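The values are calculated or read from the model by the stated rules, or taken from the named source; none is laboratory data. As the structure is a prediction and not an experimental result, all values here were calculated from the model. Here the Cβ is made from the backbone with ideal geometry for all residues, glycine too, and neighbour counts use every protein chain on show.
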Amino acid sequence: MLPAIELHNISKTFTERNWKTFLFRKPRQTLALDNVSLTVEKGTIMGLLGPNGAGKTTLIKILSTLVTPDSGEGSISGLSLATQSLAIRNKIGLVSTNDRTFYWRLTGRENLDFFATLYNLHGSVKAERINKALQLTGMEDKADSRFMSYSSGQKQRLAIARAMLSDPEVLLMDEATTSLDPIATRKLLTFTKETLARQEQKTIIWCTHNLHEAEEICDHATILHKGKVLYSGKLEEMSDSGSQNIELAFSNLVDFFQNSPLAGAGINTTRDNSI
């Protein structure tokens, strides 16, 4: 069986371009991803972890075909990121914290109807997908209320409903709990683990800098730091003894990388790049 996601030596550098770099100085380059390799099996909840600026969002954008890597190759459900990006978009659903992508004066149902049309869904198929997405996310009762009246948790649930319209095999969830209160966060974590992963059998990439969230819902984890993969594997194997909590294990991995002579040599110090 093909893995849900395969990446081999993915690298991405961003170049600063503005009037200052055009007139006065050489553009500054930022290495966002440095030879990232990983494999995610189908049905896995994989936590993409790391501090701000680690490269998590860049990797999510590459997986969602919004950004093209400078080098390396990858595939989602056997489809090439380089040559089959349009087909991949039918296999993935992206959930982010940006509620500005919705139309605030429209109802939740009207928003989903609009985005379903963009997915080239029509007629009874579109109506069925919308109803299923609303049912899965528990938004039936609020479906005909305007988006502007929703709470943060309801907005996030509608974002998940939108991502489910194409019946994706892979869900990319980028900092999905940002701006949510503790109760809404708890509900979203439970919904993701019990409904999306177990009931719907979706492969989920849970991108976060909150280690406790990952420890609660993720089967596996990939830790990014300064664009490099520090660790990729089962959460319980992050510490050799198994007695450390995830926060301490993460801190130890970062310290090891920063103090390693390999860190400055451009050599990846990952233990295991296979999930």
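On the given criteria, is Asp70 among the acidic types (Asp, Glu), closer than 26 Å to Gly153 by Cβ and surrounded by fewer than 17 Cβ atoms within 10 Å (Cβ to Cβ)?
So Asp70 fails the test.
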Give the residues of the stretch 65-80 that are out of contact with any helix residue (DSSP H, G or I) (no Cβ under 8 Å at 6 or more places or on another chain) and either part of a loop (DSSP other than H, G, I, E, B) or not small (Gly, Ala, Ser) (or both), sorted by residue number.
Leu66, Asp70, Glu73, Gly78
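What are the residues in the stretch 81-109 that are within 18 Å of the chain's Cα centre (by Cα), in a loop (DSSP other than H, G, I, E, B) and not hydrophobic (A, V, I, L, M, F, W, C), if any?
Residues satisfying the conditions are Asn90, Lys91, Ser96, Thr97, Asn98.
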How many residues does the stretch 12-63 contain that are modelled with pLDDT of 85 or more, over 30 Å from Lys202 (Cα atoms) and not polar (S, T, N, Q)?
2
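Regarding the stretch 16-34, can at least one residue be identified that is in the same structural domain as Glu236 (by TED's automatic domain parsing), of a type in the set (A, V, I, L, M) and either out of contact with any strand residue (DSSP E or B) (no Cβ under 7 Å at 6 or more places or on another chain) or not in a strand (DSSP E or B) (or both)?
Looking for residues that are in the same structural domain as Glu236 (by TED's automatic domain parsing), of a type in the set (A, V, I, L, M) and either out of contact with any strand residue (DSSP E or B) (no Cβ under 7 Å at 6 or more places or on another chain) or not in a strand (DSSP E or B) (or both), one finds at least one in the stretch 16-34, hence yes.
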Please tell me if Lys12 is under 19 Å from Tyr231 (Cβ atoms), surrounded by 20 or more Cβ atoms within 10 Å (Cβ to Cβ) and among the basic types (Lys, Arg).
no
Take the conditions surrounded by 13 or more Cβ atoms within 10 Å (Cβ to Cβ), assigned to a helix (DSSP H, G or I) and touching a Gly at 6+ places or on another chain (Cβ under 9 Å) and apply them to Ile62. Does it pass?
yes
By my count, strands (runs of 3 or more DSSP E) wholly in the stretch 158-260 with at least 2 residues that are within 26 Å of Phe115 (Cβ to Cβ) and at pLDDT 90 or above are 170-174, 203-208
